[in-house]
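The values are calculated or read from the model by the stated rules, or taken from the named source; none is laboratory data. Quantities reported herein were computed from a predicted structural model and do not represent experimental measurements. Neighbour counts are summed over all protein chains in view; Cβ atoms, including those assigned to glycine, are modelled from backbone coordinates with ideal geometry. All accessible areas refer to the heavy atoms of the entire protein, side chains included, with ligands and DNA or RNA removed. Shrake-Rupley method; radii C 1.70, N 1.55, O 1.52, S 1.80 Å.
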Amino acid sequence: MSDFKFWGWDKKPRTMLRFVKPGDIFCFRLDENRYCFGRVISKIFTGHVAEIFDFTSDIPKVMEANIAKRAIPPIVIDTYSLFDKKIEKGSDWRIIGHQENYTPDNVDNVFFVYGVGNSCKKVDVFDNEYSISEKDAENFPRLTPHGDYQIKSLLNNM
């Protein structure tokens with residue numbers, strides 16, 4: 001039996017922040033003709049780390065076979081504005097399924113950084129924090145939650 005459960009686009013137009021969890025499969029409108037899909041990897045103190053799949057569709061429906069390759073490296077998303085409050089105009093992100101017993105893979109070398117000078121820290125996808133030099137911090141993305149516009153820009157510039 002599959003660990004994937006899909007309930008579709010229309011079941012939950014909004015998901016409150018406290019109910020977003022690792023393994024949730026989400027969908028969002030990339031443009032008028034395409035939907036993108038992703039999965040919540042983990043919760044960290046600034047939001048959630050998510051992966052966006054290298055799969056688009058003209059309908060908001062995905063199958064397990066389409067959930068494989070990432071379009072971009074894991075990214076911190078602003079879960080509150082994307083799923084709960086839907087703050088950005090034109091943004092429509094929805095949880096459309098869940099993978100039970102989800103364990104992230106290929107995330108051992110995924111880090112985000114914050115701080116300046118001697119106070120730089122790198123954080124992994126499980127919210128573990130490590131001290132790091134400012135020079136080494138230049139090698140990692142900033143620990144900044146991304147909204148709808150930023151994520152769509154990243155995907156459109158690939």
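Name the one entry in GLY8, GLY23 that is surrounded by fewer than 17 Cβ atoms within 10 Å (Cβ to Cβ) and at positive phi.
It is GLY8.
Does the range 101-111 contain at least one residue that is more than 23 Å from ILE67 (Cβ to Cβ) and surrounded by 15 or more Cβ atoms within 10 Å (Cβ to Cβ)?
Checked the range 101-111: at least one residue is more than 23 Å from ILE67 (Cβ to Cβ) and surrounded by 15 or more Cβ atoms within 10 Å (Cβ to Cβ).
I need the full set of residues from the range 46-56 which are open to solvent by 20 Å² or more (accessible area, probe 1.4 Å) and of a type outside the set (Val, Ile, Thr), in order please.
ASP54, PHE55
Among the residues of the range 56-70, are any within 14 Å of LEU30 (Cβ to Cβ) and of a type in the set (Gly, Ala, Ser)?
Looking through the range 56-70, at least one residue is within 14 Å of LEU30 (Cβ to Cβ) and of a type in the set (Gly, Ala, Ser).
Quick one: which strands (runs of 3 or more DSSP E) sit completely within the range 52-158 and have at least 3 residues that are of a type outside the set (A, V, I, L, M)?
93-99, 111-114, 121-124, 129-131
Which of the residues belonging to the range 1-36 are part of a strand (DSSP E or B), touching a residue at least 40 places away in the same chain (Cβ under 8 Å) and either within 14 Å of ARG94 (Cα to Cα) or of a type in the set (Gly, Ala, Ser) (or both)?
PHE6, ASP24, ILE25, PHE26, CYS27, PHE28, ARG29, CYS36
What residue, of ILE72, ILE95, ILE77, is aliphatic (A, V, I, L, M) and touching a Gly at 6+ places or on another chain (Cβ under 9 Å)?
ILE77
Within the range 61-97, restricting attention to residues that are of a type in the set (S, T, N, Q) and farther than 12 Å from TYR149 by Cβ, which residue is surrounded by the fewest Cβ atoms within 10 Å (Cβ to Cβ)?
Restricting to residues being of a type in the set (S, T, N, Q) and farther than 12 Å from TYR149 by Cβ, the top hit is ASN66.
Identify the residue in the range 115-158 that is of a type in the set (Ser, Thr, Tyr) and open to solvent by less than 70 Å² (accessible area, probe 1.4 Å) and, among all such residues, is nearest to the chain's Cα centre (by Cα).
Residue satisfying both the conditions and the ranking: THR144.
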